[in-house]
Amino acid sequence: MRKLSGGLSNIVVLLVAIFALPVMAADKVLFKNVNIFDGTSDKLAKGMDVLVEGNLIGKIGKGLSVDEGATVVDGKGRTLMPGMIENHAHLMLMGPSLPAMEGTSTWEDFAIHGTKMAEMYLNQGFTTLRDAGGGNGGLQRAINSGMIPGPRYYPSAAFIGGRGGHADFANYTAPIGESSNMSRLNMAVEADGRNEVLKAARNNFRMGASQLKVMQSGGVVSAFDPWQMDGRTADEINAAVEIAEQYGSYVMAHSYKRESMIGALEAGVKSLEHGFMYDCEIGKLMEKKGAYITTNLTAFIPGLMDIPAVKNVPASLRKAQSAQIAFEDYMDNMRQCPAKRGFHTDCVGSVEECNKQIHHEQFLNGDFFDNHTALVAMTSVGGEIAAMTGEFMNPYPDGKLGVIEEGAYADILLVDGNPLKDLSTLGAHPKWFDAPTPPDSPAGIVLIMKDGVVYKNTLK
């Protein structure tokens with residue numbers, strides 16, 4: 001039996017720096033003497049052992065023993081927890097604004113940015129990510145094959161929007177029917193009417209989508225649409241849901257206002273994105289429908305106005321200012337009537353900017369609610385959302401995500417300290433734009449394992 005008090009012995013010695021290409025894990029890895037946050041409990045299970053067999057968690061208990069040849073990691077009382085899950089990212093959208101991406105960006109620009117974003121997320125401890133529009137199956141294949149490092153990847157493919165809606169990225173003079181840069185790259189599609197939505201939905205699954213993303217409401221970082229508008233008819237939403245259900249998957253809907261959220265839920269949408277006008281009636285309807293919500297909490301702080309994609313576009317700035325006033329009840333309503341809420345960053349911008357936003361979003365989740373609620377949003381709820389893709393469209397069907405359970409995927413973080421008491425161990429930071437440049441990986445995360453493979457190990 002190979003014993004490690006720190007690194008994965010001869011295996012991890014191959015890591016010249018903190019990060020490199022993934023190092024193949026041993027067939028069996030035993031984490032000894034760890035305190036477990038399992039993704040759901042508000043208390044750590046102390047003095048536990050966790051046995052990883054291949055890419056799954058095989059056993060959890062005290063005093064576990066393994067066969068000769070297994071690798072042993074002495075956790076020394078550190079916290080072992082699930083890898084974190086991002087439920088609303090846009091890996092391809094490098095900013096600094098939607099008009100800039102439409103006017104001057106090529107497929108190489110988007111691909112390189114997406115690759116660097118995927119690596120950054122994994123290094124920050126996120127082992128699973130749902131892309132909420134723009135990315136398709138190509139990035140997923142590159143990650144799954146080991147060509148590039150990155151989290152498990154659930155793409156939505158092209159945003160499905162309508163003319164003048166939130167996914168209409170064309171310039172002001174573009175005539176009806178003319179393709180845009182984003183549509184030519186299959187990152188957004190203008191689909192009006194039931195038949196066009198049906199075709200767009202089928203094409204997204206053809207391009208590797210795990211689920212569909214529909215732009216139902218208007219938005220902020222877009223040129224033509226008031227955030228208050230209903231950008232999709234009932235027929236159009238129903239068409240997207242119909243196709244998703246044929247594939248055994250689901251629809252996530254960009255939805256701001258109350259009426260839009262109710263309409264989406266009644267149509268069968270399973271994931272409300274943003275959902276800023278959430279209230280208790282919507283919470284009851286979500287529970288009835290088995291639905292989830294993901295919300296970017298940075299929308300509720302003054303710093304929102306400093307995002308380049310907002311600040312540098314006058315129409316977006318005006319919309320953001322009015323939206324914040326309309327959304328002021330969200331936090332009170334969510335505390336009074338909690339819903340199943342996933343972690344959501346929604347960054348459009350550079351890798352460094354998004355890294356800062358991730359850590360500020362973590363801080364806000366703990367500050368606005370509490371650390372346990374934040375951790376559940378970042379782990380087990382995200383795993384439940386991923387599972388809604390069903391048997392066929394789920395690219396990772398062999399185990400649960402976001403939990404430390406026997407039979408779950410071996411997506412594991414080993415953390416100095418207790419995140420239930422201090423989220424800064426995961427990188428959470430009270431500042432946003434004026435925060436210092438984040439490290440390549442939070443110092444508090446000493447080991448990152450995804451799918452039974454170690455990507456970071458700084459144990460001594």
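The values are calculated or read from the model by the stated rules, or taken from the named source; none is laboratory data. If you're wondering where the values come from, they're calculated on a predicted model, not measured in any experiment. Positions of Cβ are generated from backbone atoms using ideal geometry, with glycine treated the same way; all protein chains shown enter the neighbour counts.
What the table shows:
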| read-out | value |
| --- | --- |
| Residues being more than 21 Å from residue 269 (Cβ to Cβ) and either outside any loop (DSSP other than H, G, I, E, B) or not assigned by TED's automatic domain parsing to the domain that holds residue 249 (or both) - total across the range 166-205 | 4 |
| Residue list for the range 45-59, filter: assigned to a strand (DSSP E or B) and either surrounded by fewer than 20 Cβ atoms within 10 Å (Cβ to Cβ) or not assigned by TED's automatic domain parsing to the domain that holds residue 28 (or both) | 45, 46, 47, 53, 56, 58, 59 |
| In the range 137-169, the residues that are of a type in the set (Val, Ile, Thr) and farther than 22 Å from residue 388 by Cβ | 148 |
| Selection count, the range 240-255, where residues are in contact with an Asp or Glu (Cβ under 9 Å, 6 or more places away or on another chain) and assigned to a loop (DSSP other than H, G, I, E, B) | 1 |
| Selected residue (only one of 345, 425 is among the hydroxyl-bearing types (Ser, Thr, Tyr) and either surrounded by fewer than 20 Cβ atoms within 10 Å (Cβ to Cβ) or part of a loop (DSSP other than H, G, I, E, B) (or both)) | 345 |
| Looking only at the range 238-252, and only at residues there that are touching a Leu at 6+ places or on another chain (Cβ under 8 Å) and either free of Cβ contacts under 8 Å to residues at least 40 places away in the same chain or not small (Gly, Ala, Ser) (or both), the one that is surrounded by the fewest Cβ atoms within 10 Å (Cβ to Cβ) | 242 |
| Residue satisfying condition, being at negative phi, surrounded by fewer than 16 Cβ atoms within 10 Å (Cβ to Cβ) and not β-branched (Val, Ile, Thr), within set 192, 235 | 235 |
| Helices (runs of 4 or more DSSP H) fully within the range 358-411 counting 1 or more residues that are at positive phi | 390-393 |
| Matching entry among 80, 30 (being modelled with pLDDT of 95 or more and under 22 Å from residue 396 (Cβ atoms)) | 80 |
| Test for residue 100: is it in contact with a strand residue (DSSP E or B) (Cβ under 9 Å, 6 or more places away or on another chain) and either assigned by TED's automatic domain parsing to the domain that holds residue 137 or more than 21 Å from residue 426 (Cα to Cα) (or both) | no |
| Positions within the range 111-141 being hydroxyl-bearing (Ser, Thr, Tyr) and under 14 Å from the mean Cα position of the chain (by Cα), in sequence order | 121, 127, 128 |
| Long-range neighbours under 9 Å by Cβ, at least six apart or interchain, first residue within 18 Å of residue 429 (Cα to Cα) within the range 371-394, second assigned to a helix (DSSP H, G or I) and of a type in the set (A, V, I, L, M) | 371/423; 374/364; 374/423; 375/423; 375/426; 378/426 |
| Residue satisfying all of: in the range 56-71; at pLDDT 95 or above and either of a type in the set (Val, Ile, Thr) or closer than 30 Å to residue 424 by Cβ (or both); nearest to the chain's Cα centre (by Cα) among these | 57 |
